[in-house]
(Lines give C-alpha, C1' and ligand atoms only; values in the text may rest on other atoms or scores of the structure.)
Protein backbone atom coordinates (compact mmCIF):
# COMPACT_ATOMS: atom_id res chain seq x y z
CA UNK A 1 0.00 0.00 0.00
CA UNK A 2 1.32 3.42 -0.96
CA UNK A 3 1.43 5.93 1.88
CA UNK A 4 1.76 9.69 1.57
CA UNK A 5 4.73 11.35 3.22
CA UNK A 6 2.60 12.40 6.16
CA UNK A 7 1.15 8.91 6.59
CA UNK A 8 4.62 7.41 6.41
CA UNK A 9 5.83 9.77 9.13
CA UNK A 10 2.89 8.83 11.31
CA UNK A 11 3.67 5.14 10.84
CA UNK A 12 7.25 5.83 11.91
CA UNK A 13 6.04 7.46 15.10
CA UNK A 14 6.93 11.02 14.20
CA UNK A 15 3.45 12.29 15.06
CA UNK A 16 2.99 10.49 18.35
CA UNK A 17 2.20 7.03 19.60
CA UNK A 18 -1.55 7.03 18.98
CA UNK A 19 -1.17 7.77 15.29
CA UNK A 20 1.64 5.25 15.01
CA UNK A 21 -0.58 2.51 16.46
CA UNK A 22 -3.45 3.55 14.18
CA UNK A 23 -1.28 3.47 11.05
CA UNK A 24 0.25 0.16 12.07
CA UNK A 25 -3.26 -1.30 12.14
CA UNK A 26 -4.24 0.30 8.82
CA UNK A 27 -1.02 -0.91 7.18
CA UNK A 28 -1.81 -4.48 8.23
CA UNK A 29 -5.43 -4.35 7.10
CA UNK A 30 -4.39 -2.57 3.90
CA UNK A 31 -1.80 -5.25 3.19
CA UNK A 32 -4.27 -8.00 4.02
CA UNK A 33 -6.81 -6.65 1.53
CA UNK A 34 -4.38 -5.58 -1.20
CA UNK A 35 -5.23 -1.91 -0.87
CA UNK A 36 -3.24 0.56 -2.95
CA UNK A 37 -3.97 3.61 -0.81
CA UNK A 38 -5.89 5.07 2.09
CA UNK A 39 -9.06 7.09 1.49
CA UNK A 40 -10.86 9.57 3.77
CA UNK A 41 -13.86 8.28 5.72
CA UNK A 42 -16.61 10.48 7.13
CA UNK A 43 -18.06 8.49 10.01
CA UNK A 44 -16.65 5.75 12.21
CA UNK A 45 -18.57 3.37 14.44
CA UNK A 46 -16.38 1.44 16.86
CA UNK A 47 -16.98 -1.79 18.71
CA UNK A 48 -15.07 -3.04 21.73
CA UNK A 49 -16.90 -1.17 24.48
CA UNK A 50 -18.31 -3.95 26.66
CA UNK A 51 -15.84 -4.93 29.41
CA UNK A 52 -17.17 -8.47 29.15
CA UNK A 53 -15.79 -8.71 25.60
CA UNK A 54 -12.55 -6.74 25.75
CA UNK A 55 -11.43 -7.59 29.28
CA UNK A 56 -8.52 -6.13 31.21
CA UNK A 57 -6.21 -6.08 28.20
CA UNK A 58 -8.72 -4.01 26.22
CA UNK A 59 -9.46 -1.69 29.12
CA UNK A 60 -5.77 -0.99 29.67
CA UNK A 61 -5.11 -0.52 25.95
CA UNK A 62 -7.90 2.08 25.67
CA UNK A 63 -6.80 3.89 28.84
CA UNK A 64 -3.29 4.25 27.42
CA UNK A 65 -4.46 5.13 23.92
CA UNK A 66 -6.85 7.81 25.16
CA UNK A 67 -3.97 9.72 26.73
CA UNK A 68 -2.89 10.86 23.28
CA UNK A 69 -5.58 9.83 20.75
CA UNK A 70 -8.37 12.07 19.48
CA UNK A 71 -11.08 11.03 17.04
CA UNK A 72 -10.78 12.91 13.79
CA UNK A 73 -14.25 12.14 12.42
CA UNK A 74 -17.64 11.68 14.06
CA UNK A 75 -17.40 8.42 15.94
CA UNK A 76 -20.29 6.51 17.47
CA UNK A 77 -19.89 3.48 19.76
CA UNK A 78 -21.37 0.06 20.37
CA UNK A 79 -23.23 -1.00 23.53
CA UNK A 80 -21.36 -1.51 26.78
CA UNK A 81 -21.99 -4.08 29.51
CA UNK A 82 -24.97 -2.68 31.43
CA UNK A 83 -27.53 0.05 31.87
CA UNK A 84 -26.48 2.26 34.77
CA UNK A 85 -30.16 2.71 35.75
CA UNK A 86 -30.65 -0.96 36.52
CA UNK A 87 -27.16 -2.28 37.13
CA UNK A 88 -27.76 -2.87 40.85
CA UNK A 89 -30.42 -5.49 39.97
CA UNK A 90 -27.85 -7.73 38.28
CA UNK A 91 -25.20 -8.42 40.88
CA UNK A 92 -22.18 -7.36 38.83
CA UNK A 93 -19.09 -7.01 40.96
CA UNK A 94 -17.39 -3.73 41.73
CA UNK A 95 -14.43 -4.59 39.50
CA UNK A 96 -16.69 -5.00 36.46
CA UNK A 97 -18.35 -1.65 37.03
CA UNK A 98 -15.06 0.12 37.65
CA UNK A 99 -13.48 -1.29 34.48
CA UNK A 100 -16.58 -0.57 32.40
CA UNK A 101 -16.63 3.04 33.61
CA UNK A 102 -12.94 3.34 32.74
CA UNK A 103 -13.64 2.14 29.18
CA UNK A 104 -16.47 4.65 28.86
CA UNK A 105 -14.18 7.40 30.11
CA UNK A 106 -11.45 6.49 27.63
CA UNK A 107 -13.87 6.67 24.68
CA UNK A 108 -15.26 9.99 25.94
CA UNK A 109 -11.73 11.35 26.25
CA UNK A 110 -11.07 10.48 22.62
CA UNK A 111 -14.19 12.43 21.65
CA UNK A 112 -16.84 9.82 21.02
CA UNK A 113 -20.55 10.45 20.47
CA UNK A 114 -21.85 8.39 23.43
CA UNK A 115 -24.47 6.39 21.51
CA UNK A 116 -23.79 2.97 23.11
CA UNK A 117 -25.86 1.35 20.42
CA UNK A 118 -25.45 -1.31 17.75
CA UNK A 119 -28.10 0.39 15.57
CA UNK A 120 -26.65 3.87 14.91
CA UNK A 121 -28.65 3.82 11.66
CA UNK A 122 -31.87 4.13 13.67
CA UNK A 123 -30.65 7.03 15.81
CA UNK A 124 -28.74 9.25 13.41
CA UNK A 125 -29.27 10.44 9.87
CA UNK A 126 -27.19 8.37 7.50
CA UNK A 127 -24.64 10.18 5.30
CA UNK A 128 -25.33 10.54 1.58
CA UNK A 129 -25.29 7.40 -0.57
CA UNK A 130 -21.80 6.41 -1.64
CA UNK A 131 -20.07 8.02 1.36
CA UNK A 132 -17.01 6.17 2.68
CA UNK A 133 -17.48 5.24 6.35
CA UNK A 134 -15.84 2.73 8.73
CA UNK A 135 -18.24 0.60 10.73
CA UNK A 136 -17.10 -2.18 13.02
CA UNK A 137 -20.39 -3.47 14.40
CA UNK A 138 -21.14 -6.16 11.86
CA UNK A 139 -24.91 -5.77 11.63
CA UNK A 140 -24.49 -2.01 11.19
CA UNK A 141 -21.76 -2.41 8.55
CA UNK A 142 -23.93 -4.76 6.49
CA UNK A 143 -26.97 -2.51 7.01
CA UNK A 144 -24.98 0.58 5.97
CA UNK A 145 -23.77 -1.10 2.77
CA UNK A 146 -26.98 -2.89 1.85
CA UNK A 147 -29.76 -0.51 2.91
CA UNK A 148 -27.93 2.80 3.36
CA UNK A 149 -25.84 2.40 0.18
CA UNK A 150 -22.76 3.58 2.08
CA UNK A 151 -19.27 2.18 1.60
CA UNK A 152 -17.63 0.29 4.41
CA UNK A 153 -15.72 -2.90 4.77
CA UNK A 154 -16.76 -5.30 7.49
CA UNK A 155 -14.34 -3.50 9.78
CA UNK A 156 -12.80 -4.93 12.92
CA UNK A 157 -12.88 -3.16 16.27
CA UNK A 158 -9.28 -2.04 15.74
CA UNK A 159 -9.55 -1.07 12.08
CA UNK A 160 -12.57 1.16 12.80
CA UNK A 161 -10.77 2.63 15.82
CA UNK A 162 -7.74 3.36 13.63
CA UNK A 163 -10.04 4.98 11.06
CA UNK A 164 -11.67 7.10 13.78
CA UNK A 165 -8.23 8.36 14.83
CA UNK A 166 -6.83 8.95 11.33
CA UNK A 167 -10.02 9.68 9.39
CA UNK A 168 -8.85 7.13 6.80
CA UNK A 169 -9.29 3.55 5.72
CA UNK A 170 -7.62 1.28 3.15
CA UNK A 171 -9.32 1.46 -0.24
CA UNK A 172 -10.07 -2.20 -0.79
CA UNK A 173 -12.65 -4.99 -0.78
CA UNK A 174 -16.21 -3.64 -0.65
CA UNK A 175 -15.06 -0.04 -0.90
CA UNK A 176 -13.71 -0.85 -4.33
CA UNK A 177 -15.86 -3.62 -5.73
CA UNK A 178 -19.08 -4.75 -4.09
CA UNK A 179 -20.56 -6.83 -6.90
CA UNK A 180 -22.02 -10.10 -5.62
CA UNK A 181 -20.21 -13.29 -6.52
CA UNK A 182 -23.03 -15.53 -5.35
CA UNK A 183 -26.80 -15.52 -5.62
CA UNK A 184 -29.05 -17.18 -3.06
CA UNK A 185 -32.59 -18.08 -4.06
CA UNK A 186 -34.96 -17.61 -1.12
CA UNK A 187 -37.38 -20.54 -1.38
CA UNK A 188 -39.04 -20.39 2.03
CA UNK A 189 -42.58 -19.06 1.86
CA UNK A 190 -44.19 -16.68 4.36
CA UNK A 191 -40.94 -15.69 6.01
CA UNK A 192 -40.83 -13.77 9.29
CA UNK A 193 -37.90 -12.05 11.03
CA UNK A 194 -36.57 -15.37 12.33
CA UNK A 195 -36.63 -16.85 8.81
CA UNK A 196 -34.54 -13.92 7.58
CA UNK A 197 -32.19 -14.42 10.50
CA UNK A 198 -31.74 -18.05 9.49
CA UNK A 199 -31.24 -16.99 5.86
CA UNK A 200 -28.59 -14.47 6.94
CA UNK A 201 -26.70 -17.07 8.95
CA UNK A 202 -26.75 -19.40 5.95
CA UNK A 203 -25.68 -16.58 3.60
CA UNK A 204 -22.78 -15.62 5.86
CA UNK A 205 -21.55 -19.19 5.76
CA UNK A 206 -21.69 -19.70 2.02
CA UNK A 207 -21.02 -16.23 0.57
CA UNK A 208 -17.76 -14.36 0.54
CA UNK A 209 -17.87 -10.57 0.36
CA UNK A 210 -21.17 -9.66 -1.21
CA UNK A 211 -24.27 -11.70 -2.00
CA UNK A 212 -27.41 -11.31 -4.13
CA UNK A 213 -30.70 -12.65 -2.77
CA UNK A 214 -33.51 -13.49 -5.15
CA UNK A 215 -37.14 -14.20 -4.41
CA UNK A 216 -37.56 -11.50 -1.78
CA UNK A 217 -39.87 -8.68 -2.80
CA UNK A 218 -40.07 -6.62 0.35
CA UNK A 219 -37.86 -6.55 3.35
CA UNK A 220 -39.06 -4.46 6.27
CA UNK A 221 -36.66 -2.91 8.73
CA UNK A 222 -36.82 -5.62 11.38
CA UNK A 223 -36.30 -8.39 8.85
CA UNK A 224 -33.36 -6.44 7.39
CA UNK A 225 -31.85 -6.04 10.85
CA UNK A 226 -32.28 -9.73 11.58
CA UNK A 227 -30.67 -10.67 8.25
CA UNK A 228 -27.74 -8.26 8.70
CA UNK A 229 -27.03 -9.38 12.27
CA UNK A 230 -26.98 -13.10 11.54
CA UNK A 231 -25.01 -12.68 8.31
CA UNK A 232 -22.37 -10.80 10.27
CA UNK A 233 -22.18 -13.58 12.85
CA UNK A 234 -21.46 -16.54 10.61
CA UNK A 235 -19.05 -15.22 8.03
CA UNK A 236 -17.16 -12.46 6.30
CA UNK A 237 -19.90 -11.28 3.92
CA UNK A 238 -20.50 -7.55 4.26
CA UNK A 239 -23.27 -6.74 1.81
CA UNK A 240 -26.45 -8.09 0.28
CA UNK A 241 -28.61 -6.89 -2.59
CA UNK A 242 -32.15 -8.01 -3.41
CA UNK A 243 -31.91 -8.97 -7.05
CA UNK A 244 -33.90 -11.54 -9.00
CA UNK A 245 -31.69 -11.24 -12.07
CA UNK A 246 -28.19 -11.34 -10.64
CA UNK A 247 -25.44 -12.44 -12.99
CA UNK A 248 -23.43 -13.88 -10.10
CA UNK A 249 -21.73 -17.06 -11.26
CA UNK A 250 -22.52 -19.22 -8.26
CA UNK A 251 -26.15 -19.97 -7.35
CA UNK A 252 -27.54 -21.78 -4.30
CA UNK A 253 -31.00 -22.33 -2.85
CA UNK A 254 -32.17 -21.57 0.66
CA UNK A 255 -35.12 -23.92 1.11
CA UNK A 256 -36.97 -25.45 4.08
CA UNK A 257 -34.29 -28.12 4.39
CA UNK A 258 -31.40 -25.66 4.59
CA UNK A 259 -33.40 -23.52 6.98
CA UNK A 260 -34.03 -26.48 9.27
CA UNK A 261 -30.31 -27.28 9.33
CA UNK A 262 -29.42 -23.78 10.56
CA UNK A 263 -32.30 -23.86 13.05
CA UNK A 264 -31.15 -27.20 14.46
CA UNK A 265 -27.62 -25.87 14.83
CA UNK A 266 -28.71 -22.89 16.90
CA UNK A 267 -31.90 -23.98 18.66
CA UNK A 268 -30.96 -26.12 21.65
CA UNK A 269 -33.92 -25.80 24.02
CA UNK A 270 -37.67 -26.41 23.92
CA UNK A 271 -38.31 -23.33 26.00
CA UNK A 272 -36.41 -20.59 27.81
CA UNK A 273 -36.21 -19.57 31.47
CA UNK A 274 -36.32 -15.96 30.39
CA UNK A 275 -36.81 -13.94 27.22
CA UNK A 276 -34.38 -11.48 25.63
CA UNK A 277 -35.25 -9.19 22.75
CA UNK A 278 -32.23 -7.53 21.16
CA UNK A 279 -29.14 -8.20 19.04
CA UNK A 280 -29.62 -5.86 17.36
CA UNK A 281 -31.25 -3.46 19.83
CA UNK A 282 -34.89 -2.60 19.12
CA UNK A 283 -35.90 0.56 17.27
CA UNK A 284 -38.86 2.80 17.98
CA UNK A 285 -41.22 1.10 15.55
CA UNK A 286 -40.44 -2.31 16.98
CA UNK A 287 -41.18 -1.00 20.48
CA UNK A 288 -44.46 0.47 19.27
CA UNK A 289 -45.48 -2.75 17.52
CA UNK A 290 -44.59 -4.88 20.50
CA UNK A 291 -46.56 -2.57 22.80
CA UNK A 292 -49.59 -3.05 20.52
CA UNK A 293 -49.13 -6.83 20.43
CA UNK A 294 -49.01 -6.89 24.23
CA UNK A 295 -52.19 -4.89 24.79
CA UNK A 296 -54.09 -6.55 27.64
CA UNK A 297 -51.41 -9.22 28.03
CA UNK A 298 -48.43 -9.72 30.34
CA UNK A 299 -45.30 -11.86 30.18
CA UNK A 300 -45.30 -14.88 32.44
CA UNK A 301 -41.51 -14.78 32.62
CA UNK A 302 -38.81 -12.19 32.84
CA UNK A 303 -38.50 -10.38 29.50
CA UNK A 304 -35.52 -8.10 28.87
CA UNK A 305 -35.76 -5.62 26.01
CA UNK A 306 -32.60 -3.92 24.78
CA UNK A 307 -32.84 -0.56 22.99
CA UNK A 308 -30.67 2.55 22.57
CA UNK A 309 -30.98 5.27 25.24
CA UNK A 310 -32.22 7.75 22.62
CA UNK A 311 -34.98 5.34 21.55
CA UNK A 312 -36.01 4.55 25.14
CA UNK A 313 -36.45 8.23 25.84
CA UNK A 314 -38.64 8.68 22.76
CA UNK A 315 -40.59 5.54 23.65
CA UNK A 316 -41.13 6.88 27.14
CA UNK A 317 -42.35 10.17 25.79
CA UNK A 318 -44.75 8.46 23.38
CA UNK A 319 -46.07 6.06 26.01
CA UNK A 320 -44.74 2.79 24.52
CA UNK A 321 -42.21 2.31 27.29
CA UNK A 322 -44.91 2.49 29.96
CA UNK A 323 -47.08 0.03 28.02
CA UNK A 324 -44.21 -2.43 27.68
CA UNK A 325 -43.37 -2.15 31.37
CA UNK A 326 -47.02 -2.74 32.28
CA UNK A 327 -46.79 -5.97 30.29
CA UNK A 328 -43.83 -7.01 32.45
CA UNK A 329 -40.94 -6.03 30.17
CA UNK A 330 -37.72 -4.58 31.55
CA UNK A 331 -36.23 -1.94 29.26
CA UNK A 332 -32.46 -1.77 29.13
CA UNK A 333 -30.36 0.82 27.33
CA UNK A 334 -26.65 1.26 26.52
CA UNK A 335 -26.21 -2.53 26.45
CA UNK A 336 -27.39 -5.55 24.45
CA UNK A 337 -27.68 -9.35 24.54
CA UNK A 338 -24.48 -10.05 22.63
CA UNK A 339 -21.97 -11.13 25.29
CA UNK A 340 -24.04 -9.56 28.01
CA UNK A 341 -22.76 -10.09 31.54
CA UNK A 342 -26.36 -9.72 32.72
CA UNK A 343 -27.65 -13.15 31.64
CA UNK A 344 -25.40 -15.94 32.86
CA UNK A 345 -25.66 -19.57 33.87
CA UNK A 346 -26.22 -18.37 37.42
CA UNK A 347 -29.47 -16.71 36.30
CA UNK A 348 -30.84 -19.21 33.81
CA UNK A 349 -30.20 -22.41 31.89
CA UNK A 350 -31.94 -21.27 28.74
CA UNK A 351 -33.16 -18.18 26.93
CA UNK A 352 -35.97 -17.62 24.45
CA UNK A 353 -35.18 -15.10 21.71
CA UNK A 354 -35.95 -14.29 18.07
CA UNK A 355 -32.35 -13.21 17.41
CA UNK A 356 -29.99 -15.54 15.60
CA UNK A 357 -27.00 -13.40 16.53
CA UNK A 358 -28.17 -13.36 20.14
CA UNK A 359 -28.61 -17.14 20.03
CA UNK A 360 -25.09 -17.73 18.72
CA UNK A 361 -23.37 -15.66 21.41
CA UNK A 362 -25.69 -16.67 24.27
CA UNK A 363 -24.84 -20.25 23.41
CA UNK A 364 -21.14 -20.03 22.69
CA UNK A 365 -20.01 -17.23 24.96
CA UNK A 366 -22.52 -17.32 27.81
CA UNK A 367 -22.96 -21.10 27.74
CA UNK A 368 -26.77 -20.97 27.77
CA UNK A 369 -29.22 -23.06 25.79
CA UNK A 370 -31.39 -21.16 23.37
CA UNK A 371 -35.00 -21.49 22.27
CA UNK A 372 -35.55 -19.70 18.96
CA UNK A 373 -38.98 -18.36 18.01
CA UNK A 374 -40.36 -15.49 15.99
CA UNK A 375 -41.69 -12.59 18.04
CA UNK A 376 -45.33 -13.43 17.26
CA UNK A 377 -44.89 -16.89 18.78
CA UNK A 378 -43.00 -15.53 21.77
CA UNK A 379 -45.97 -13.26 22.52
CA UNK A 380 -48.44 -16.09 21.88
CA UNK A 381 -46.66 -18.64 24.09
CA UNK A 382 -45.13 -16.53 26.82
CA UNK A 383 -47.87 -14.07 27.73
CA UNK A 384 -51.37 -14.37 29.12
CA UNK B 1 5.66 -20.51 -0.52
CA UNK B 2 4.12 -18.02 1.87
CA UNK B 3 2.06 -15.71 -0.33
CA UNK B 4 2.12 -12.72 1.93
CA UNK B 5 3.37 -11.57 5.30
CA UNK B 6 0.89 -9.33 7.11
CA UNK B 7 2.74 -9.13 10.44
CA UNK B 8 6.46 -9.94 10.33
CA UNK B 9 8.28 -12.37 12.60
CA UNK B 10 10.26 -15.62 12.68
CA UNK B 11 8.65 -18.55 14.46
CA UNK B 12 9.10 -22.27 14.97
CA UNK B 13 6.32 -24.29 16.50
CA UNK B 14 3.72 -26.99 16.33
CA UNK B 15 0.82 -26.62 13.91
CA UNK B 16 -2.70 -26.62 15.29
CA UNK B 17 -4.84 -26.83 12.17
CA UNK B 18 -8.54 -26.27 11.66
CA UNK B 19 -10.47 -26.56 8.44
CA UNK B 20 -13.20 -24.32 9.82
CA UNK B 21 -13.09 -20.51 10.07
CA UNK B 22 -12.77 -19.11 13.60
CA UNK B 23 -15.06 -16.61 15.32
CA UNK B 24 -12.57 -15.36 17.90
CA UNK B 25 -15.11 -13.50 20.01
CA UNK B 26 -17.64 -16.30 20.08
CA UNK B 27 -15.50 -19.38 20.27
CA UNK B 28 -12.14 -18.65 21.89
CA UNK B 29 -11.64 -18.20 25.65
CA UNK B 30 -9.54 -15.04 25.84
CA UNK B 31 -7.92 -16.10 29.12
CA UNK B 32 -6.92 -19.67 28.31
CA UNK B 33 -6.94 -19.83 24.52
CA UNK B 34 -9.29 -22.83 24.60
CA UNK B 35 -11.87 -23.24 21.82
CA UNK B 36 -15.31 -23.15 23.45
CA UNK B 37 -17.58 -23.78 20.45
CA UNK B 38 -18.68 -27.42 20.73
CA UNK B 39 -19.39 -27.57 17.00
CA UNK B 40 -15.87 -26.43 16.06
CA UNK B 41 -13.28 -28.99 15.01
CA UNK B 42 -10.80 -27.50 17.49
CA UNK B 43 -13.26 -27.79 20.41
CA UNK B 44 -11.43 -28.36 23.67
CA UNK B 45 -8.03 -27.73 22.11
CA UNK B 46 -5.73 -24.92 23.19
CA UNK B 47 -4.13 -22.66 20.65
CA UNK B 48 -1.53 -21.08 22.97
CA UNK B 49 2.04 -21.10 21.58
CA UNK B 50 0.95 -22.99 18.47
CA UNK B 51 1.19 -22.02 14.83
CA UNK B 52 -2.53 -21.69 14.29
CA UNK B 53 -3.45 -22.64 10.72
CA UNK B 54 -7.06 -21.93 9.70
CA UNK B 55 -8.94 -20.62 6.66
CA UNK B 56 -9.89 -17.16 8.02
CA UNK B 57 -11.60 -15.30 10.84
CA UNK B 58 -15.36 -14.73 10.86
CA UNK B 59 -18.02 -12.98 12.92
CA UNK B 60 -17.77 -10.20 15.44
CA UNK B 61 -15.45 -7.27 14.89
CA UNK B 62 -14.54 -7.48 18.59
CA UNK B 63 -12.63 -10.68 17.86
CA UNK B 64 -9.64 -8.38 17.30
CA UNK B 65 -9.69 -7.57 21.04
CA UNK B 66 -9.88 -11.31 21.78
CA UNK B 67 -6.63 -11.80 19.84
CA UNK B 68 -5.02 -8.88 21.68
CA UNK B 69 -6.25 -10.26 25.04
CA UNK B 70 -4.86 -13.72 24.27
CA UNK B 71 -1.44 -12.14 23.83
CA UNK B 72 -1.71 -10.18 27.08
CA UNK B 73 -2.77 -13.35 28.90
CA UNK B 74 0.13 -15.37 27.44
CA UNK B 75 -2.38 -17.64 25.70
CA UNK B 76 -1.89 -16.49 22.12
CA UNK B 77 -0.63 -18.61 19.26
CA UNK B 78 3.05 -17.99 18.40
CA UNK B 79 1.89 -17.20 14.88
CA UNK B 80 -1.16 -17.51 12.65
CA UNK B 81 -1.33 -18.67 9.04
CA UNK B 82 -4.49 -18.31 6.96
CA UNK B 83 -5.88 -18.93 3.51
CA UNK B 84 -7.13 -15.38 3.33
CA UNK B 85 -6.74 -12.46 5.69
CA UNK B 86 -9.78 -10.78 7.18
CA UNK B 87 -9.70 -7.45 8.96
CA UNK B 88 -10.36 -8.88 12.41
CA UNK B 89 -7.42 -11.28 12.36
CA UNK B 90 -5.10 -8.84 10.53
CA UNK B 91 -5.74 -5.94 12.92
CA UNK B 92 -5.72 -8.14 16.03
CA UNK B 93 -2.38 -9.67 15.07
CA UNK B 94 -0.95 -6.26 14.10
CA UNK B 95 -1.72 -4.76 17.50
CA UNK B 96 -0.72 -7.86 19.45
CA UNK B 97 2.40 -8.30 17.33
CA UNK B 98 1.58 -11.90 16.45
CA UNK B 99 3.23 -12.89 13.14
CA UNK B 100 0.54 -13.47 10.49
CA UNK B 101 1.06 -15.15 7.14
CA UNK B 102 -1.16 -15.81 4.16
CA UNK B 103 -0.40 -19.21 2.67
CA UNK B 104 -0.56 -20.43 -0.89
CA UNK B 105 -3.21 -23.14 -1.44
CA UNK B 106 -0.51 -25.84 -1.76
CA UNK B 107 1.27 -24.77 1.37
CA UNK B 108 -2.02 -24.60 3.27
CA UNK B 109 -2.96 -28.12 2.16
CA UNK B 110 0.44 -29.54 3.00
CA UNK B 111 0.42 -28.35 6.62
CA UNK B 112 -0.83 -31.04 8.95
CA UNK B 113 -1.97 -30.81 12.53
CA UNK B 114 0.99 -31.59 14.80
CA UNK B 115 3.72 -30.74 12.24
CA UNK B 116 6.79 -28.90 13.57
CA UNK B 117 7.37 -26.00 11.20
CA UNK B 118 9.20 -22.69 10.84
CA UNK B 119 7.71 -19.59 9.26
CA UNK B 120 9.00 -16.11 8.49
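The values are calculated or read from the model by the stated rules, or taken from the named source; none is laboratory data. Values in this document were obtained by computation on a predicted structure and should not be read as measured data. Quick reminder, even Gly has a Cβ in these numbers, built from the backbone with ideal geometry, and neighbours come from all protein chains shown.
Listed values, structure above:
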{"quantity": "Index of the failed condition, residue B:66 passing every other in (1) over 17 Å from residue A:365 (Cα atoms); (2) crowded, with 24+ Cβ neighbours inside 10 Å", "calculated": "(1)"}
{"quantity": "Residue that is farthest from the other protein chains (Cβ to nearest Cβ) [pool: residues in segment B:68-96 that are more than 12 Å from the chain's Cα centre (by Cα) and outside any helix (DSSP H, G or I)]", "calculated": "B:74"}
{"quantity": "Any hit, segment A:156-175, residues being touching a strand residue (DSSP E or B) at 6+ places or on another chain (Cβ under 9 Å), closer than 23 Å to residue A:266 by Cβ and within 11 Å of chain B (Cβ to nearest Cβ)", "calculated": "no"}
{"quantity": "All positions within segment A:240-269 that are within 18 Å of residue A:356 (Cβ to Cβ) and not in a helix (DSSP H, G or I)", "calculated": "A:240, A:254, A:255, A:267, A:268, A:269"}
{"quantity": "Residue in segment B:103-119 that is within 14 Å of chain A (Cβ to nearest Cβ), in contact with a strand residue (DSSP E or B) (Cβ under 6 Å, 6 or more places away or on another chain) and not in a loop (DSSP other than H, G, I, E, B) present", "calculated": "yes"}
{"quantity": "Selected residue (only one of A:81, A:48, A:58 is under 24 Å from residue B:8 (Cα atoms) and either crowded, with 20+ Cβ neighbours inside 10 Å or within 14 Å of another protein chain (Cβ to nearest Cβ) (or both))", "calculated": "A:58"}
{"quantity": "Number of the condition not met by residue A:334 [criteria: (1) touching a helix residue (DSSP H, G or I) at 6+ places or on another chain (Cβ under 6 Å); (2) at positive phi; (3) within 14 Å of another protein chain (Cβ to nearest Cβ)]", "calculated": "(3)"}
{"quantity": "Hits in segment A:176-204 (condition: more than 14 Å from every other protein chain (Cβ to nearest Cβ), under 14 Å from residue A:223 (Cα atoms) and surrounded by 24 or more Cβ atoms within 10 Å (Cβ to Cβ))", "calculated": "A:194, A:196, A:197, A:198, A:199"}
{"quantity": "Flag if residue B:58 is within 11 Å of chain A (Cβ to nearest Cβ), under 23 Å from residue A:28 (Cα atoms) and buried (at least 24 other Cβ atoms within 10 Å of the Cβ)", "calculated": "yes"}
{"quantity": "Filtered residues of segment A:5-37 (kept if more than 14 Å from every other protein chain (Cβ to nearest Cβ) and either free of Cβ contacts under 8 Å to residues at least 24 places away in the same chain or within 26 Å of the chain's Cα centre (by Cα) (or both))", "calculated": "A:5, A:6, A:8, A:9, A:12, A:13, A:14, A:15"}
{"quantity": "Residue within segment A:124-139 that is under 20 Å from residue A:63 (Cβ atoms) and touching a helix residue (DSSP H, G or I) at 6+ places or on another chain (Cβ under 9 Å) present", "calculated": "yes"}
{"quantity": "Within segment A:115-231, helices (runs of 4 or more DSSP H) holding 1 or more residues that are more than 23 Å from residue A:312 (Cα to Cα), under 19 Å from the mean Cα position of the chain (by Cα) and not assigned by TED's automatic domain parsing to the domain that holds residue A:76", "calculated": "A:193-206"}
{"quantity": "Members of segment A:231-246 that are within 14 Å of residue A:139 (Cβ to Cβ) and touching a strand residue (DSSP E or B) at 6+ places or on another chain (Cβ under 6 Å)", "calculated": "A:237, A:239, A:240"}
{"quantity": "Every residue from segment B:10-37 that is surrounded by fewer than 18 Cβ atoms within 10 Å (Cβ to Cβ), under 19 Å from residue A:358 (Cα atoms) and more than 8 Å from every other protein chain (Cβ to nearest Cβ)", "calculated": "B:29"}
{"quantity": "Test: residue in segment A:278-296 that is within 14 Å of another protein chain (Cβ to nearest Cβ), in contact with a helix residue (DSSP H, G or I) (Cβ under 7 Å, 6 or more places away or on another chain) and closer than 20 Å to residue A:352 by Cα", "calculated": "yes"}
